[in-house]
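K.L.:
Pasting a structure here, questions to come.
The values are calculated or read from the model by the stated rules, or taken from the named source; none is laboratory data. Just so it is clear, the model here is predicted, and its values are computed rather than measured. Counting neighbours? That spans all protein chains shown, and the Cβs are built from the backbone with ideal geometry, glycine included.
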Amino acid sequence: MEQVTALFARIAGAGTLSPQLLLWLGALTMALIMALVMAACAIVFTWAERKVAGFIQSRYGPMRVGRWHGIAQPIADMLKILQKEDIIPADADRKFFILAPFVLFIGSLMAWAAIPFAPGFVAADLDMGLLYIFAASSLVTIGILMSGWASNNKWSLYGAARGAAQIVSYEIPLALAVVPVVLYAGSLNMTDIVVAQQGGIWKWFALRNPFLFVSFLIYFLASIAEVNRTPFDLPETESELVAGYHTEYSGMRFAFFFLAEYANLFLVSCIATAVFLGGWGHPVPGLNFAPALVFLAKAVLLVLAQIWIRWTLPRLRVDQLMHVCWKVMIPLALVCLAGSGVWMLAFVRFA
Amino acid sequence: MSGDLAFYGFAALTVLSAFYVVFSRNIVHAGFSLLFTLFGVAGLYAMLAADFLAATQVIVYIGGVLVLILFTVMMTRIPRRGAGGRGLDRFVPAGVFALLLFALLYKVITGTPWAEKAPVSADPTTARLGASFLTDFVFPFEFVSLILLAAMIGAAILIRDRRPAADDGAGGAAAPTGEEERS
Amino acid sequence: MFETLALNAPSWSDLRHFVPETVLVVTFLLALMADLFARGRRPAGPFALALGGCLVALAAAVSSLPAGPRSILGDLVVVDGLAGFFRVLFPLIGAITILFSWASGEIMGPRREHKGEFYALVALMAFGMCVMASAADLIMLYLSVELVSLTSYVMAGYMRTSLRSTEASLKYVIFGSVSSGVMLYGLSLLFGLTGETTFVEIRAALLAGRADNFALLVAMVFVLAGLGYKIAAVPFHFWCPDVYEGAPTPVTALFSVGPKAAGFALMIRFFYTTLLSPGGGQAAAGAAAPDGVIVGPADWPLLIAILSVVTMTYGNLVALRQTNVKRLLAYSSIAHVGYLLMGFLMLTAAGLEAILFYLLVYAIMNLGAFLFVIALNNRLGGEEISDYAGLSTRAPWVALMMMVFLLSLTGLPPTAGFIGKMYLFAEVINRHWFWLAVVGALNSVVSLFYYMKIAKAMYFTPGERAPLRLEPLHTAVLILLAAPTLALGVYWTPFKNFVDRAVAGFAGLGG
């Protein structure tokens, strides 16, 4: 963000713009970039999702639009969805029906602000960045509840109730899995956490000790549940709930849900990259350009893994879902937390 | 300047949505408006350089408490067109009492020389908070965990089987127990 | 790595002065874990652990009465004479509650159920009350009140099958959270006025004239609302009868003495420390002036006097109309709060001694009266006054013991209640609050009516004649409580000395 404001200052000439205005301009630009990243990842990942699904099911997936392997398919989809009729059900709660997608979207957009893509390239280098990300993403739950209730439809309501219960539950192992990393890094700042992992693959927190590796796995699984994807996609099971909480949405409003879902998918992968997989650090010596690309590459790999899991595994039942969270993941995460602490005391020398 | 603007923005958000919470006839609307109230309060915390408190406010109150409130409220059946008029017999005394209380607090707040501290710089607070939790304030910190443990036992007792079943309509809400323990 | 505040950071050695409390916490945790392994119809493990823990805490408290005030745990907790007294009282109350819960059908339930956590909660509540009595900081004040409240809510709703109990719990939660919110607002005003959180520092700031009087009055009234709720003084008493009636009787017995005494302990510590500047001390005893100078211009004693009169009059008058014994005892306990407040507003060492002595006596006799209700409820399944008809022939000794408790609650010789009231009224007259003494005496006369309604049912109303046998444990505890109620009415010097020593070591009066 400092770099962006500095850039604006250079363009306009020193001293011509007040610092207040620069601040606003910088913030606006960063917000715009983040929104664009979100839109871009929705576009890229819908295509990737369909292609991967195709490969897993021994078929091609979209092939026609845009000549090479249907590369322009998402753009066509987007154009189509923008032209669709905007339907608000007669018995829906209008105010909240309209508000819900925005709450959901803002929740995921806000969280993006604290992701460090490269040294210095972070919208808000907050001291408690990790906490802030969790705080922002709790808005998503409210958005889901709002949309489900406002639709005035039993499938939507069920979907929303399931979704909220699931997210609220899985937030706990998610947060607990990250705590050992905070213990190691001694900071909640995302940049600090990434910087603490530089200098070789063994510095990555996922590989620092066995407990942290388990923590990473817990984080990864819980994050799949956080974004409501198979095998944890109970809120939108098409065979029982039509499409869950966004059943009644159409056109542009539906696009917001769609956007938020893929943005969240990418977001949790970015967090995993930053927190567990060394951020922009990489093991290849001498390769020193474009740290943001390294970061994005890792995150995209994680997204692909999630897509792969989605098209491979069957769905859990509700009670199994809760069982896994409360009786397996949370105790395990606590054990990892304690284990990491002991490991630190035993093997890590404090400066 | 922009600080003032942000303050009045957050304050307006908090107060207006709080009014909506109180006066809305629809209990679910009231619940959702609470989102904005709590969010506004978090914003005010952030403006007071209490960044950790702001984030915690959002995580605990919006991510935990509010979700539980909405969960329960959504499971109730509400008439779509408001729940009938409230009688003047309740509205007037409550309103008078609220106004009197407001007048009292207004006089206290505006007419008092407060023990003001110099404005603190917006330093990050998290590390210092953590350090004091484990040194100076370790006793209250552990004490709170006992309170939460008691709350957890309470939640477990409340959801325990009840044989001569009173009506069990809302009892099955799938809310996981012990949400209030997250802090 | 990080610099800490300038407080004296707590260390493990602080726990040496915190033994009874530590024992209670460990008891709570052990009993909770033992409950996991409890087998059979009754959870003997948690019961034995909790009872043993309370007794050990009691023994530790008696053997280590603190000499002078000592701030521990980062100045958040002060251990002095007052705390020493209450850390004897609360484990005692806890132990008695645990004892009679064991045989009570309401708690243990008809079927095999794991109910061991009840005993763990009693230990936790005793711990919370001990901390209430020794809190020296706004933070600990609020947290300890919350701990006691939360355990109370859980215990009030303990009979899951009873709609009445659930309603009691819900009412308790709602009133409790409102009053705790009001109190918190008051505390925040107080912090805003003085910029301090420890009681002593607040007093220093107030003495330095750093507070606006009107705002101080509002803040203190708000705090009083929160604490008044805990002791069930009149404008804040609405929850009391319903909760007492609905909660399981052993829990009601605990509520009627435990949190009430803890509320008084906290009120004494908070108001005496923040609003009373140590002036004359013991030397002024005998004169009509309090043992200190009140900070600020508000006439606190008069305010509390009005509160006290309203409380006792309301409690007694409404109690007259009750037919349910639990409700009757609830209103009577409100009336007793009124008497205790008379001692509170004297602002003297002698007044405090009277309060503490009365609390001790009140704990014993009120627990006794409630135990009587529990024991009979186990057999008769009800607690209306009419249920007790003809009890003098069915169970003469039990009726006699109840008679002792009733006489003591009224304040008639030769029982402990008489001595307690005597000290209270003596101090009130000493300080020339004659009208207050007259109102108090009139109230005692009124209370005689409704206590004797129970006696009349037991002795003069004919009823069934079949002999009634109580649970042996209940009979034993009844004797255990009736004996001191009588004995203290005849020979009370050691207890009075004990109380005097507690007040002499109270940090608030410059001790």
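K.L.:
So A:Leu79 clears everything in (1) in the same structural domain as A:Phe211 (by TED's automatic domain parsing); (2) at pLDDT 80 or above; (3) surrounded by fewer than 24 Cβ atoms within 10 Å (Cβ to Cβ); (4) not polar (S, T, N, Q) except one condition, right? Which one?
P.N.:
Every condition holds for A:Leu79 apart from (1).
K.L.:
A further question on this structure: Name, by its number, the condition in (1) buried (at least 20 other Cβ atoms within 10 Å of the Cβ); (2) within 14 Å of chain B (Cβ to nearest Cβ); (3) at pLDDT below 85 that does not hold for C:Arg111.
P.N.:
With respect to (1) buried (at least 20 other Cβ atoms within 10 Å of the Cβ); (2) within 14 Å of chain B (Cβ to nearest Cβ); (3) at pLDDT below 85, C:Arg111 is out only on (1).
K.L.:
With the requirement that a residue be farther than 21 Å from A:Met252 by Cβ, β-branched (Val, Ile, Thr) and part of a helix (DSSP H, G or I), what does segment A:104-141 give you?
P.N.:
A:Ile133, A:Thr141
K.L.:
Here's something else I'd like to know. Within segment C:311-347, track down each residue that is closer than 15 Å to C:Pro301 by Cβ and touching a strand residue (DSSP E or B) at 6+ places or on another chain (Cβ under 7 Å).
P.N.:
C:Leu347, the sole residue that qualifies.
K.L.:
Please verify whether A:Ala263 is buried (at least 23 other Cβ atoms within 10 Å of the Cβ) and in a helix (DSSP H, G or I), treating the condition exactly as stated. So that I can check it myself, show each step before the final result.
P.N.:
Numbers: buried (at least 23 other Cβ atoms within 10 Å of the Cβ): yes; in a helix (DSSP H, G or I): yes.
Yes; evaluated as a whole, the condition is true for this residue.
K.L.:
Output the number of the condition that C:Thr274 fails; it satisfies all remaining conditions of (1) touching a Ser or Thr at 6+ places or on another chain (Cβ under 7 Å); (2) at pLDDT below 85; (3) of a type in the set (Ser, Thr, Tyr).
P.N.:
With (1) touching a Ser or Thr at 6+ places or on another chain (Cβ under 7 Å); (2) at pLDDT below 85; (3) of a type in the set (Ser, Thr, Tyr) applied to C:Thr274, the lone miss is (1).
K.L.:
Answer yes or no as to whether B:Gly3 is assigned to a helix (DSSP H, G or I), within 14 Å of chain A (Cβ to nearest Cβ) and modelled with pLDDT of 85 or more. Show your work before the answer.
P.N.:
Numbers: assigned to a helix (DSSP H, G or I): yes; within 14 Å of chain A (Cβ to nearest Cβ): yes; modelled with pLDDT of 85 or more: no.
Answer is no for this residue.
K.L.:
Still on this structure, I have one more. Just wondering, is there one or more residues in segment A:340-347 that are among the hydroxyl-bearing types (Ser, Thr, Tyr), within 15 Å of the chain's Cα centre (by Cα) and assigned to a helix (DSSP H, G or I)?
P.N.:
Pass one, segment A:340-347, residues among the hydroxyl-bearing types (Ser, Thr, Tyr): A:340.
Then drop every residue that is not within 15 Å of the chain's Cα centre (by Cα), which leaves none.
No, because not a single residue in segment A:340-347 is among the hydroxyl-bearing types (Ser, Thr, Tyr), within 15 Å of the chain's Cα centre (by Cα) and assigned to a helix (DSSP H, G or I).
K.L.:
Looking at C:Thr415, is it crowded, with 24+ Cβ neighbours inside 10 Å and touching a strand residue (DSSP E or B) at 6+ places or on another chain (Cβ under 9 Å)? Talk me through it step by step, then tell me what you get.
P.N.:
Values: crowded, with 24+ Cβ neighbours inside 10 Å: yes; touching a strand residue (DSSP E or B) at 6+ places or on another chain (Cβ under 9 Å): no.
In short, no.
K.L.:
Using the structure shown, decide if A:Ile106 is of a type in the set (Val, Ile, Thr) and within 22 Å of the chain's Cα centre (by Cα).
P.N.:
So A:Ile106 passes the test.
Here's the yes/no breakdown for (1) under 24 Å from the mean Cα position of the chain (by Cα); (2) within 25 Å of C:Ser162 (Cα to Cα):
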| position | (1), (2) |
| --- | --- |
| C:Glu201 | no, no |
| C:Leu207 | no, no |
| C:Phe214 | no, no |
| C:Gly228 | yes, no |
| C:Gly246 | yes, yes |
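K.L.:
Does A:Gly286 qualify as being part of a loop (DSSP other than H, G, I, E, B) and modelled with pLDDT under 75?
P.N.:
For A:Gly286, the condition - part of a loop (DSSP other than H, G, I, E, B) and modelled with pLDDT under 75 - is met.
K.L.:
Here is a further query. Being in contact with a helix residue (DSSP H, G or I) (Cβ under 7 Å, 6 or more places away or on another chain), surrounded by fewer than 24 Cβ atoms within 10 Å (Cβ to Cβ), modelled with pLDDT of 80 or more and more than 9 Å from every other protein chain (Cβ to nearest Cβ) narrows it down to one of A:Phe105, A:Phe121, so name that one.
P.N.:
The unique qualifying residue is A:Phe105.
K.L.:
If you check A:Val122, A:Val44, A:Val65, which single one turns out to be outside the structural domain of A:Phe295 (by TED's automatic domain parsing) and touching a residue at least 24 places away in the same chain (Cβ under 8 Å)?
P.N.:
Only one candidate qualifies: A:Val44.
K.L.:
Can you go through C:Ala466, C:Ala502 and tell me which one is part of a helix (DSSP H, G or I) and either within 24 Å of the chain's Cα centre (by Cα) or surrounded by fewer than 23 Cβ atoms within 10 Å (Cβ to Cβ) (or both)?
P.N.:
Testing whether each residue is part of a helix (DSSP H, G or I) and either within 24 Å of the chain's Cα centre (by Cα) or surrounded by fewer than 23 Cβ atoms within 10 Å (Cβ to Cβ) (or both) leaves just C:Ala502.
K.L.:
Could you pull out the residue among C:Ser179, C:Ser152, C:Ser169, C:Ser162 that is in contact with a helix residue (DSSP H, G or I) (Cβ under 9 Å, 6 or more places away or on another chain), surrounded by 17 or more Cβ atoms within 10 Å (Cβ to Cβ) and more than 11 Å from every other protein chain (Cβ to nearest Cβ)?
P.N.:
On the way: C:Ser152 fails: more than 11 Å from every other protein chain (Cβ to nearest Cβ); C:Ser169 fails: more than 11 Å from every other protein chain (Cβ to nearest Cβ); C:Ser162 fails: more than 11 Å from every other protein chain (Cβ to nearest Cβ).
Answer to the selection: C:Ser179.
K.L.:
List the number of the failed condition for C:Leu190; all other conditions in (1) surrounded by fewer than 18 Cβ atoms within 10 Å (Cβ to Cβ); (2) within 28 Å of C:Ser277 (Cα to Cα) hold.
P.N.:
Only one criterion in (1) surrounded by fewer than 18 Cβ atoms within 10 Å (Cβ to Cβ); (2) within 28 Å of C:Ser277 (Cα to Cα) is unmet by C:Leu190, namely (1).
K.L.:
Still on this model: Out of all the residues in segment C:474-497, which are among the polar types (S, T, N, Q) and loosely packed, with under 15 Cβ neighbours inside 10 Å? Spell out how you get there, then give the answer.
P.N.:
Residues of segment C:474-497 among the polar types (S, T, N, Q): C:475, C:485, C:493, C:497.
Listed by number, the residues that qualify are C:Thr493, C:Asn497.
K.L.:
Which residues, taken from segment C:203-221, are buried (at least 22 other Cβ atoms within 10 Å of the Cβ) and closer than 21 Å to C:Ser149 by Cβ?
P.N.:
Selection gives C:Ala219 alone.
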